[in-house]
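Chemist: I'd like to ask some things about the structure below.
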Amino acid sequence: MTNFFKKNINWILVIFLFLGSVFFKKNLFIKKNTSILIPTLISTSTPMPILTSKRIQNQTFYLISKVVDGDTIEIEIDGKIQRIRVIGINTPEVIDPRKPVECFGKEASEKAKELLSGKKVRLEKDPTQGDIDKYARLLRYVFLEDGTDFGLTMIKEGYAYEYTYKIPYKYQQQYKQAQKEAEKNKKGLWADNACITPMFLNFNSYSTDGININKEISKINLECEYSCIGSDKDCSDFKTQQEA
């Protein structure tokens, strides 16, 4: 057997090389004509909605029709004019026919006009406060397009008081803190001498004979028309009408 291999070694090598080349070509042909399938992952899950700034901007804004006073406005909703009472604030009275114009009322109204006239606002309900008040006004928080809280701004700048009607409301703590800061910094109506308290002087009502027989008392309003500060004479410098 060993002699056989020795004698035929050349032929055996030729046959081996031939078979090897055939096997190699066959594999190469298979590789060239075989498509390789690559699995592709396909997501069938529904993407979760993402809250974007654009979506926030799509909230409904209404054009201000009228600024009634510091805490009341009118807007048009679905073709109808609605009066809105701002939740959480109260400003000095200027339009109530039953009351005189209160101190800083005009200033508060002017500030509200400055902030809101010609602007668009977003309204926010508060379930704790109900939908309308006894005057059929919608109860709402008012926000400008840039996110400014109108009520909070009025309190911060000293044009409104924080106002709680029976039940605490959503932004109560923020509004109360804003008032504390306004008082501390003497903003608006909290400024020294911003609101001058009327002074009344009582004196005997003497008759022409100089004798007050009936002990009648007259009351004189000494409210200053101008600022009662400075080195000049003012209301508090006089004790009687005659001295003034």
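Just so it is clear, none of the values below were taken in a lab; they were calculated from the coordinates. Because the structure is predicted, anything quoted here is derived from the model rather than measured. Cβ atoms come from the backbone with ideal geometry, glycine included; neighbour counts cover every protein chain shown.
Chemist: Inside the stretch 170-189, can you point out the residues that are more than 18 Å from the chain's Cα centre (by Cα) and at negative phi?
Modeler: Initial filter on the stretch 170-189 (more than 18 Å from the chain's Cα centre (by Cα)): 180, 183-189.
Correct list: Lys180, Glu183, Lys184, Asn185, Lys187, Leu189.
Chemist: Would you check which residues across the stretch 74-103 are of a type in the set (A, V, I, L, M, F, W, C) and in contact with a Ser or Thr (Cβ under 8 Å, 6 or more places away or on another chain) and list them?
Modeler: Taking the stretch 74-103 first, the residues of a type in the set (A, V, I, L, M, F, W, C) are 75, 77, 81, 84, 86-87, 89, 94-95, 101, 103.
Of everything in the stretch 74-103, those that are of a type in the set (A, V, I, L, M, F, W, C) and in contact with a Ser or Thr (Cβ under 8 Å, 6 or more places away or on another chain) turn out to be Ile75, Ile81, Ile84, Val86, Val94.
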